[in-house]
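Before any comments, here is the structure.
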Amino acid sequence: MIQTIKKLSKPMFFLSTIILYIILGFIVITSVPYAFYTEIYDIQQSLPFHGNTWLNPYKSCTFDNDNAGWKKSNFHGHSKEWGGLTDGKTNKDVFFKKYKSMGYHSIGLSNYQFISHDFAEDNGFVPCYEHGYNVWKRHHVCIGAQHVVWLDFIWGQSLHHKQTMINILKPTVQVLALAHPKFRNSFEPEDFAYLSNYDCIEVLNHYRTSDIHWDSALSNGHKVWIVADDDTHNVLDSGETGVCWTMIYAPNNGNQQEITKALKNGQAFGVQGKQGKMDIFPTLIHLSDSIYSISMMDTVESISLIGQNGKKLAITLNSNHIDYRLKKTDTYIRAIIKTPQTTIWLNPILRDSQTPIPQKNNLQTILYRLLWLIGYMIIIVFVWKKKSRKKHS
């Protein structure tokens with residue numbers, strides 16, 4: 001390559017050299033997070049949920065005739081931002097008014113690496129943004145964000161890089177959700193057997209449904225809850241707006257603290273529909289005497305119960321109720337309720353056990369960073385020798 005550049009005219013040689021150094025500089029700069037921020041963890045596959053005590057996240061939730069305590073919310077959507085460089089088609093006002101017209105309470109404008117406070121006076125306002133600019137779309141929905149984190153590993157990511165990013169983001173948000181795992185396979189299902197220290201998975205998104213990833217996390221004892229978001233880039237497109245949303249139990253004023261607390265406690269469920277409209281609603285989600293019961297306000301097409309490793313445990317058709325007797329082999333149970341117009345994804349009931357958070361391995365982290373430093377030193381010596389030879393030639 002160098003010989004080819006030398007054969008060029010002097011202006012072209014100079015320009016080509018500049019471009020070459022820019023490319024090399026970009027590669028070096030983008031490698032810095034890998035070299036100095038990556039932490040190596042003792043990551044082990046967790047045990048499934050276990051123990052004799054079951055947790056029902058809906059235990060203290062009320063389901064009444066008007067369901068006024070439940071707030072319709074979306075935390076992932078885009079408007080025009082960054083001078084139009086990102087793929088948002090409408091301005092913020094159009095975005096906000098569209099969701100308001102569909103009866104949304106919390107309207108999350110989550111532009112990439114930017115927290116918008118334009119509608120902070122709205123009662124349902126929750127500051128959020130979509131974190132991530134890496135090539136594989138390994139993104140995070142940062143809900144209740146305090147500030148933007150600019151660090152990212154833009155090329156490949158191992159489990160250690162993914163866990164490092166989670167641990168860096170977690171203290172800066174109230175709720176951390178892993179965005180659209182199935183989109184470009186940004187997170188593999190196997191990742192969720194190991195990753196920890198986040199709150200939710202964006203299971204429902206107009207791009208993809210990531211239930212396999214959720215079941216992987218739950219089957220390995222990770223207590224993570226569902227969020228459902230449009231991830232709309234054109235709020236006027238009915239195919240990507242008002243199609244996935246989260247219903248959150250916030251019976252008081254529905255402010256930021258109440259909304260985020262409910263999400264962290266699993267007092268929410270995901271919905272798929274059209275124009276933000278639901279034709280069904282639960283009237284009972286109850287666990288007592290080893291019987292798990294779900295009742296709906298009207299007859300539904302089906303109620304399916306899913307358990308360990310995504311196995312279907314039971315199904316009832318053309319009914320408004322299901323009872324299921326817990327078995328010793330059950331670790332968690334989540335429900336999917338369907339009508340021709342609406343699908344509800346409930347958070348699971350689960351055996352209430354703790355999952356350990358992966359611990360940093362200090363020695364391996366130091367050795368990893370030393371290897372990067374050695375690599376940088378080799379590059380510096382190589383460039384220095386090249387320049388020395390040029391001076392003496």
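The values are calculated or read from the model by the stated rules, or taken from the named source; none is laboratory data. Because the structure is a prediction, the values reported are computed rather than measured. For neighbour counting, all protein chains shown are included, and Cβ atoms are generated from backbone atoms with ideal geometry for every residue, glycine included. Please note that ligands, DNA and RNA were not included when accessible areas were found on the heavy atoms of the full protein model with its side chains. Shrake-Rupley method; radii C 1.70, N 1.55, O 1.52, S 1.80 Å.
Short to long, the 10 Å bins of the Cα pair-distance histogram for region 153-279 hold 13, 40, 36, 11, 0 percent of all pairs.
Between 51, 266, 307, which gets the highest mean-square fluctuation from a Gaussian network model of the chain, Cα cutoff 10 Å? Judging by the Gaussian network model, the answer is 51.
Given a cut-off of under 8 Å on Cα pairs at least six residues apart, what relative contact order in percent is computed for region 27-121? Display every interim value, and only then the final one.
Values: 61 pairs, mean separation 22.7, N = 95.
24 percent.
Across the alpha-carbon atoms of the chain, the computed radius of gyration and Dmax are 24.6, 88 angstrom.
Report the Stokes-Einstein translational diffusion coefficient (µm² s⁻¹, integer) for region 276-316, Rh taken as the Kirkwood radius over Cα pairs, at 20 °C with viscosity 1.002 mPa s. Please report the intermediate quantities before stating the final value.
Numbers: Rh = 11.9 Å.
Translational D for this selection: 180 µm²/s.
Backbone phi angles across region 45-52, fed through the Karplus curve with coefficients 6.51, -1.76 and 1.60 (θ = phi - 60°), yield HN-Hα couplings of 5, 7, 7, x, 4, 8, x, 9 Hz in residue order; Gly and Pro are listed as x.
Report the per residue volume, in Å³, of the convex hull enclosing the C-alpha atoms of region 107-152.
Working: hull volume 2.8 nm³, N = 46.
Normalising the Cα hull of region 107-152 by residue number yields 61 Å³.
Within straight-line reach of residue 98, meaning a Cα separation under 19 Å, sit the following aspartates and glutamates at least 8 residues removed in sequence or on another chain: 81, 87, 118, 121, 122, 229, 230, 231, 237, 240. Here the chain exposes an accessible surface that is 58 percent carbon and sulfur, computed with a 1.4 Å probe and the other protein chains kept in place. Take the residue pairs 80/170; 100/182; 170/261; 137/360 and return only those whose Cα atoms are more than 20 Å apart. Beyond 20 Å: 80/170; 100/182; 137/360. Test of understanding: in a Gaussian network model of the chain with alpha carbons linked when under 10 Å, which of 20, 236, 371 would top the mean-square fluctuation ranking? Residue with maximal mean-square fluctuation among 20, 236, 371: 20.
Compute for region 49-173: radius of gyration divided by Kirkwood radius, i.e. Rg/Rh, restricted to C-alpha atoms, rounded to two decimals. The partial results should precede the final answer.
On the way: Rg = 17.6 Å, Rh = 16.8 Å.
That ratio equals 1.05.
Between beta-carbons, use under 14 Å as the cut-off and find the net charge around residue 379, counting Lys and Arg +1, Asp and Glu -1. Surrounding charge for residue 379 is +3. Of the trypsin sites (Lys or Arg not before Pro) found in region 293-393, the ones in coil according to DSSP and having at most 15 other Cβ atoms within 10 Å of their Cβ are 327, 328. Over the chain, DSSP H runs of length four or greater, each weighted -39,500 (n - 2.57), average out per residue to a 222 nm ellipticity of -8500 deg cm²/dmol. Simple spin-label estimate for residue 383 and residue 93 gives 4.9 nm between the two label positions (7 Å along the Cα-to-Cβ direction from each Cα). Look at where the Cα atoms of region 268-318 and of region 98-139 average out, and the two centres are 28 Å apart. Sorted largest first, the spans of the alpha carbon positions of region 305-361 along the three principal axes are 52, 28, 16 Å.
Taking a ≥ b ≥ c as the square roots of the Cα gyration tensor eigenvalues, region 180-247 comes out prolate, since a/c reaches at least 1.5 and a/b is larger than b/c.
Scaled to the globular estimate 2.2 N^0.38 Å, the Cα spread of region 25-113, given as radius of gyration, is 1.81. When restricted to Cα atoms, region 102-179 yields an Rg and a Dmax of 13.2, 41 Å, respectively. Per residue, the chain exposes 48 Å² of accessible surface when a 1.4 Å probe is rolled over the protein heavy atoms with every protein chain present. Listed by chain and number, the lysines whose alpha-carbon sits under 25 Å from that of residue 328, ignoring those within fewer than 8 places in the same chain, are 59, 223, 311, 312. Across 195, 55, 370, mean-square fluctuation computed from a Gaussian network of the chain (C-alpha pairs under 10 Å connected) peaks at 370.
In terms of overall dimensions, region 240-393 has a Cα radius of gyration and Dmax of 26.8, 88 angstrom.
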